[in-house]
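Have a look at the structure below before the remarks.
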Amino acid sequence: KVFQVILIQEQMSKNRMIVEQDRTGQLTCQVTSSTHNVKSRTNVSTKNGRYYLKLSLLEKEAAIAVVFKAMGVVSDQEIVQMVGTEDKVMTMFAASLEECHRLGVFTQEQALRHLASKMRQKKFFGGPRKSPVEDARDMLVNTVLAHVPVENFDFKMKALYLALMVRRVIEAEGDPTAIDDRDYYGNKRMELAGGLLSLLFEDLFKRLNWELKTIADKNIPKVKAAQFDIVKHMTGKQDLISQGLEMAISTGEARFH
């Protein structure tokens, strides 16, 4: 008999700030957000004495002060109060505020347009097309620090969380004790077999839903809604989840988020 063993996986803790330093000395505060619907990674890093937001949806990093203004915190004084008013913090953060002024970004609308110009181009699959400002706002709501909730476009809590990330990076500059140890088990979580299979099933189920939605979007405009039978299309894809589970267990090739 052949037995398949699902090994425990070590993963960095979700929804937690981790400050790291790469080989070049660049400091980064990273948060891997995980919710029921969304998984994303948000980075605040240093570059030439300034602080930037790095995200998968951004083609280029965005000045952190611009991000604050896009979240509705348009006053420089309020941004500084959120990050910290200590002499060291204010001195280190001054260049980021100056960069925002150099870019000519003073209002939330200007900040959102600037962020939109740095976003990767999305493929359009139909439905109502959103404006660049709406795309940038949706990115801030749903992708940047996805685990911090936003209601009615009130970014107060998310802006405070982002400010703390900037502060953690500033505190780590010149202080190695403020840098987190990736090998410390307090910063990790153990993913057991049950949890890994649950994640795999969730990914496969989402893929099934996405494929059915794609089929529906293509066919419903061509026929009357009453004539479209989604069950018929589900029957043709009923083995998608089973085959995905079998393939992952037999080959070991599975991507867990």
Original post:
Once amide H atoms are placed 1.01 Å from N in the peptide plane, what residues at a sequence separation of 5 or more from ASN15, or on another chain, have their amide H within under 5 Å of its amide H?
Top reply: THR32, SER33, SER34
Original post:
Roughly to the nearest percent, how much of the accessible area of the stretch 19-161 is carbon and sulfur, given a 1.4 Å probe?
Top reply: 50
Original post:
What are the trypsin sites (Lys or Arg not before Pro) within the stretch 37-142 that DSSP puts in a loop, where the Cβ has at most 14 other Cβ atoms within 10 Å?
Top reply: LYS60, ARG120, LYS122, LYS123, ARG129, LYS130
Subject >> P(r) weight above 20 Å for the stretch 1-133, C-alpha pairs, percent >> reply: 58
**OP:** Apply the membrane-span-like helix rule to the chain: whole DSSP H runs, Cα extent along the own long axis of at least 20 Å, mean Kyte-Doolittle hydropathy at least -0.5. List the helices found.
**Re:** 87-102, 156-172, 193-219
Original post:
In Å², what does the accessible area per residue of the chain work out to with a 1.4 Å probe?
Top reply: 61
Original post:
Got a sec to turn the phi values of the stretch 31-45 into Karplus ³J(HN,Hα) couplings, 6.51 cos²θ - 1.76 cosθ + 1.60 with θ = phi - 60°, whole Hz, x for Gly and Pro?
Top reply: 10, 9, 7, 9, 10, 4, 9, 10, 10, 8, 10, 10, 10, 10, 10
Subject >> Structure-derived mean projected area of the Cα convex hull in nm² - corresponding label in [x] 16.7; [y] 14.6; [z] 18.1 >> reply: [z]
Subject >> Hz values of 3J(HN,Hα) by residue in the stretch 176-190 - Karplus curve (6.51, -1.76, 1.60), Gly and Pro given as x >> reply: x, 5, 8, 8, 7, 9, 5, 7, 6, 5, x, 9, 10, 9, 9
**OP:** Express in whole angstrom the spacing between the alpha-carbon centres of the stretch 189-210 and the stretch 63-85.
**Re:** 38
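The values are calculated or read from the model by the stated rules, or taken from the named source; none is laboratory data. Owing to the predicted nature of the structure, the values given are computational and were not obtained by experimental measurement. No Cβ is skipped: glycine too gets one built from the backbone with ideal geometry, and neighbour counts run over all protein chains shown. Heads up: the accessible areas ignore ligands, DNA and RNA and are worked out on the full protein's heavy atoms, side chains in. Shrake-Rupley method; radii C 1.70, N 1.55, O 1.52, S 1.80 Å.
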